[in-house]
1. Please verify whether residue 392 is within 16 Å of the ligand (Cβ to nearest atom) and farther than 14 Å from residue 274 by Cα, treating the condition exactly as stated.
2. Which is surrounded by fewer than 22 Cβ atoms within 10 Å (Cβ to Cβ) and not acidic (Asp, Glu), of 282, 241, 297?
3. For segment 70-80, check the following and say yes or no: at least one residue is within 12 Å of the ligand (Cβ to nearest atom) and at positive phi.
4. Identify, by number, the condition in (1) part of a loop (DSSP other than H, G, I, E, B); (2) touching a residue at least 60 places away in the same chain (Cβ under 8 Å); (3) within 23 Å of the chain's Cα centre (by Cα) that residue 326 doesn't meet.
5. Which condition number in (1) of a type outside the set (A, V, I, L, M); (2) modelled with pLDDT under 95; (3) in a loop (DSSP other than H, G, I, E, B) is the one that residue 74 fails?
6. If you go through segment 160-183 one residue at a time, how many are at pLDDT 95 or above, of a type in the set (S, T, N, Q) and out of contact with any Lys or Arg (no Cβ under 7 Å at 6 or more places or on another chain)?
7. Can you find even one residue in segment 246-257 that is within 16 Å of the ligand (Cβ to nearest atom), more than 25 Å from residue 138 (Cα to Cα) and either free of Cβ contacts under 8 Å to residues at least 40 places away in the same chain or not in a loop (DSSP other than H, G, I, E, B) (or both)?
8. Yes or no: residue 333 of a type in the set (Lys, Arg) and more than 17 Å from residue 248 (Cα to Cα)?
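The values are calculated or read from the model by the stated rules, or taken from the named source; none is laboratory data. Keep in mind that what you see is a predicted model, and the values were worked out from it rather than measured. Don't worry about glycine lacking a Cβ; one is built from the backbone with ideal geometry, like all the others, and counts go over all protein chains shown.
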Amino acid sequence: MATIPTDRVPDSTLALLREGYRYIGTRCDRYGSDVFQTRLLLRRTICMRGRPASVLFYDTERFERAGAMPVRVQWTLTGRGGVQSLDGAAHRDRKAMLMSLMTPSAIRHLGQLFDDEWRARISVWEGAGPVVLYRELGRMLTRAVCAWAGVPLADAQVTRRTADLHAMIGSGAAIGPVHWWGRLARRRGERWLAEVVDQVRAGTLPAPAGSALRVIAEYRDTRGRVLPRRIAAVELLNLLRPTVAVGRFIVFAALALHDHPAWRERVREDADATEPFVHEVRRYYPFFPAASARVRRPFEWHGYQFPRGRRVLLDLYGTNHHPSLWPEPERFRPERFADRRPDAYALVPQGGGEHSGHRCAGEWITIELMKRAVTNLTSTIRYDVPPQDLAVDLRRLPALPPSGFVVTNVRRTA
Ligand code: HEM
């Protein structure tokens, strides 16, 4: 039996925080192996990258999610008791409920609501001063997704709710005040949505049939019980929070259009070029560094022993940049997706495998919102990009250009 290469330091948590997205890949390169072992947050952890690792990681006979997510991430980003932490029949059933919301017409509806937000904001941006795209997108996406989900949101609440959703997204890997702000934001968000769920269940707030709010409030689990109000709130936040997070990918799309003007022309002239462009943005730019699971029962793989209970991280960023999967992985080349569908275990910015497994429930929503944003940025408006700090720091989790992408002189085309 082979021994998994081991990082011989007492604990690598600080190295992970220092090195960010490249932490796993750097060590894989150093050991000449796509698997190595270390200690993170004081727990022995196996780190892996690449397509075979991705196929292994999404095998639910071998891995489970209960107890896999660090508590710091649960207190901020994901919450406790949501679909991410479930296994087996409980996961299948809850995930099927969430995926029932992802019909083509529902996704189109959210896209139209987002387009309405663009229309309204472009009128404000015209003739105004500099516009920070990331900040604007946060408000636009919060309004669009709340309207889509059936969650009431007064105009006066938009700033506060958007700030809280951003704080949950930005604080999972943070330490100190940013982390504590994220915890507070999550508590506030769960309290808000638990009250909304109470009102729907009491019949005092109408929720449209088929809306996320109604479906989640009325969902019954495999034993016929409705979700506790806090867990229902966690699942609603599982839709609201990541939809607002799509703003980060849209900022990266704006950055890619800026850095690759030939692609700006190409997507403007050929609507079929937009989807390959969006896939390449999702592959190339950093978002979630890794997904985590625990070994469900001991097994051997490629001669390596995976003991029961061991935490395993799949390097999502490293798999999206693996040289054996992507020729010239550090070049932005949307044409790599021109005539092939993405491989479910190779393009993994939102997890891998089937959507009935733990792969992201909102991947189709993400693609739809990004496509609409790219169309607006290339065909509906023109703008200038003044000098600003657009560097993408791969040591920062989650990464974003510090300026938030500022545009000036926004005007409508034609
Ligand atoms: C901003 C773009 C997004 C990124 C980068 C992203 C990324 C991810 C990743 C990496 C996972 C975990 C996969 C795993 O554990 O193996 C995940 C899960 C999930 N995502 Fe997303 N996501 C995005 C947008 C969305 C949207 C728009 C929604 C919903 C509207 C959504 C809802 C979920 C849910 C509910 C899960 C848990 C799925 C499960 O455990 O079965 N995400 N996402």
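1. Here the answer is yes, as residue 392 does meet what is asked.
2. 297
3. yes
4. So the condition that residue 326 fails would be (2).
5. All conditions pass for residue 74, except number (3).
6. Final tally of qualifying residues: 0.
7. Checked against the condition, which is being within 16 Å of the ligand (Cβ to nearest atom), more than 25 Å from residue 138 (Cα to Cα) and either free of Cβ contacts under 8 Å to residues at least 40 places away in the same chain or not in a loop (DSSP other than H, G, I, E, B) (or both), segment 246-257 yields no hits at all.
8. Taking the combined requirement at face value, the residue satisfies it.
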